[in-house]
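Asker: One structure is given below, represented as structure tokens, and several questions about it will come after.
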Amino acid sequence: MYQKSPEIGKGVDWILVWLYAILVAIGLLAIFSVEYRNGDGVLHSFLGFKKNYSKQLFYFGACIVLAIFILLTDSKLFTATANLSYLIGILLVLATFVVGKEIKGSKSWIPLGFMNLQPVELCKIFTSLALAKYLSMTETNFDKPQSQIIAAALSFTPAALSILQGETGLALVYFSFLIPMYREGLPAGYLIFGVSMGVLLVASLLLSTKTLLIAFTVLGVVVLYLNRRQIKRNNKLLIIVVSCWAFCILFVGIIVPFTFKHVFKRYQADRIFSMVGVDNPFVSKDAAADVNVADEKAKQKKTDQQNYNVKQSKIAIGSGGLLGKGFLKGTQTQGDFVPEQHTDFIFTSVGENFGFWGSSLLMLIYLALILRIVAVAERQRSVFSRVYAYCVASIFFFHVAVNISVTIGLAPVIGITLPLLSYGGSSLLTFSILLFILIKLDADRQMVLR
């Protein structure tokens, strides 16, 4: 019979621990390279809790304490409190509407004095545990639509609240939970539908609504004509083609215009269209005339700032060349040309200091971490542990892919941090807890948790 060992290190996957430590160390060096200036006392500034790299070091110390606490905890605690923790997470997100602090246009922070807590960030942990708990229940039949709807509700409720807070970037992260759901039997048709929606959305950004409506109609007629004999024998194909045509028309002609006019704020829509190099076509002249001029200028200024950030980010990464300019020798970094470089654009510090090879090595470390998490997931006896592991892998993958895409101009600026590298107590705390809960579950993988 399996007995819990009092040794904290027994069963621990040290590969994950070392990859975690390496990434945090790289993050500290990257933040240090952004803020350090000649003449600063290194030791004094690191211990002074005034510089961001100093604060990040203290946050890392707090994360180590939490990691030890997690490794000493009984794994059954995570299954027993999964639903309760999810409820607490939702209540914390709701609390931001009352006591929240607005930062950069998003009222999603709770001030704690020594740091600002972002509940929707922490809620990724609670959602992962709750989803793992639900999918591991013996009475859950994930082949039934009812179970799929409940799992989707658990995953996307925090995302909906995040959008109401104005934090659309973090809301998108919650779509990463589709990957563990797919691993547990979610039909591939849902993912195909999601990809198709994405293709339709991109087409809506690049082409006019009228052009798309004509294209879909012509395509539908051609498909029906080429399959006319088959349709005469069985009208099922006719129903499918007409349904797809009707949905595309509805999506492009009504849903997309409504979303960009009434859901997204003007500057958000402008930012998305500027990414693909076109003007926002969903702003009427009358509506534009009714907008407060000062407010519109402020929003446009924010959009211009985001475009400036990306431009400077690409310049910084490009200036690093193949081998980089060397640690603390980056002109863009030392000259403060890249705004928010210690947070969302921390990758530019690595790119300029260590060049293409350094950036590639960093991405290989992330790849090794994600693949290791997947390997850990597949060796679990417990469905709970496996689902949770895939949630962690998906969250890490989404953050890394989107953040790096933003810094090189392949995605709009949506406020996604680079895991374990970007400055921020909430971000470092969240990813540390996510990873060490997984390490603890893996250490106790002989147990079957539900």
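Read the figures in this text as sums done on the coordinates, not as results from a lab. In this text, all values refer to a predicted model and were calculated from it rather than measured experimentally. Backbone-built Cβ (ideal geometry, glycine too); neighbour counts: all protein chains shown.
Asker: Ala21 to Leu371: FRET efficiency via 1/(1 + (r/R0)^6), r the Cβ-Cβ distance, R0 22 Å, to the nearest 0.05? The partial results should precede the final answer.
Answerer: Working: r = 18 Å, r/R0 = 0.80.
So the FRET efficiency works out to roughly 0.80.
Asker: Could you list Asp442, Asp143 in order of exposure, starting from the residue whose Cβ has the fewest other Cβ atoms within 10 Å?
Answerer: Asp143, Asp442
Asker: Label Ile150 and Val242 with points 7 Å out from Cα along Cα→Cβ: what is the distance between them in nm?
Answerer: 3.7 nm
Asker: Shifting gears a bit: With a 10 Å Cβ neighbour count serving as the proxy for reagent exposure, in which order, fewest first, do Thr430, Thr168 appear?
Answerer: Thr168, Thr430
Asker: Report the far tail of the P(r) of the range 120-277, meaning the percent of Cα-Cα pairs longer than 22 Å.
Answerer: The answer is 58 percent, as a whole percent.
Asker: In addition: Can you compute 3J(HN,Hα) from phi for each residue in the range 210-227, using the Karplus curve 6.51 cos²θ - 1.76 cosθ + 1.60 with θ = phi - 60°, rounded to whole Hz and x for Gly and Pro?
Answerer: For the range 210-227, the Karplus-derived couplings read 4, 4, 5, 4, 5, 5, 5, 5, 5, 4, x, 5, 4, 4, 5, 5, 5, 10 Hz, x marking Gly and Pro.
Asker: How would you rank Asp13, Asp74, going from fewest to most other Cβ atoms within 10 Å of each one's own Cβ?
Answerer: With the sparsest Cβ surroundings first, the list reads Asp74, Asp13.
Asker: Separation between the Val218 and Thr73 pseudo-spin-labels, each 7 Å from Cα along Cα→Cβ, expressed in nm?
Answerer: 5.9 nm
Asker: Then there is this: Which FRET efficiency value, to the nearest 0.05, is calculated for Leu84 and Leu323 with the Förster distance at 45 angstrom and r the Cβ-Cβ distance?
Answerer: Efficiency, rounded to the nearest 0.05: 0.30.
Asker: Let me ask another. Would you mind computing, in nm to one decimal, how far apart the modelled labels at Leu250 and Gln230 are, each placed 7 Å from Cα along Cα→Cβ?
Answerer: 2.4 nm
Asker: Further question on the same structure: Which cross-chain or sequence-distant (5 or more) residues have an amide H under 5 Å from the amide H of Leu117, H modelled 1.01 Å from N in plane?
Answerer: For Leu117, whose amide H was placed from the backbone, the distant partners under 5 Å are Ile110, Leu112.
Asker: So what's the range 355-450 giving for Rg/Rh, alpha carbon basis, Kirkwood Rh from the mean inverse pair distance?
Answerer: 1.03
Asker: Now, a different point. Average the reciprocal distances over every distinct pair of alpha-carbons in the range 101-201, invert the result, and give the Kirkwood radius in Å.
Answerer: Over the range 101-201, the inverse of the mean reciprocal pair distance is 15.0 Å.
Asker: Per-residue counts of other Cβ atoms within 10 Å, averaged by peptide: what ranking do you get for 394-406, 353-365, highest first? Show your work: numbers first, answer last.
Answerer: Values: 394-406: 21.0, 353-365: 17.1.
Per-residue Cβ counts within 10 Å, averaged per peptide and sorted highest first, yield 394-406, 353-365.
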